[in-house]
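S.K.: Questions regarding the structure given below will be posed in turn.
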Amino acid sequence: MGELIAPGNANLVNLLHGKGGEIAMPTPFERDIFLFATTVAGTSYVEGIEELEPHLSEGDKLDFFREPDNAYDKRAIVIKNGDGVKIGYVPRRDNIVFSRLMDAGKLLFGRIASKEWQGGWLKIDIKIYLHE
């Protein structure tokens with residue numbers, strides 16, 4: 001038990017409640033689980049993608065939102081950058097399981113793995129994660 005006592009005036013209560021700044025306690029059982037790698041669909045249809053591209057970097061977190069009223073795909077998952085700007089969709093061929101997970105209340109997100117212009121198309125490869 002002695003190893004839990006921080007040097008100085010900090011006590012066990014301060015350590016467990018994040019006071020004193022000596023030890024950071026991780027949230028129990030919290031982790032991000034890699035699920036799948038894919039390419040963002042629909043970047044060619046995003047207005048202003050040319051201006052947005054320089055602000056997208058490898059490792060950037062991407063937020064996923066279900067779009068069940070989408071006229072083309074009832075399982076649509078829209079992808080937005082950290083500023084809330086739409087960059088495209090999880091491809092239809094890949095979204096059946098992910099949409100079900102999200103509909104069940106699971107938190108999914110992505111990270112940019114790479115990006116490159118291929119002619120007039122911005123190819124954005126992403127990794128999809130489940131936050132548990």
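A short reminder: the numbers here are calculations on the coordinates, not readings from a lab. As the structure is a computational prediction, the values presented were derived from the model and not from experiment.
S.K.: Run the numbers on segment 31-131 and let me know its relative contact order in percent, using alpha-carbon pairs under 8 Å that are six or more apart.
M.R.: The normalised contact order for segment 31-131 reaches 39 percent.
S.K.: For a quick check: with amide H placed at 1.01 Å from N, whose amide H comes under 5 Å from I87's, ignoring anything fewer than 5 positions away on the same chain?
M.R.: Answer set, sorted by chain and number: I79, K80, N81.
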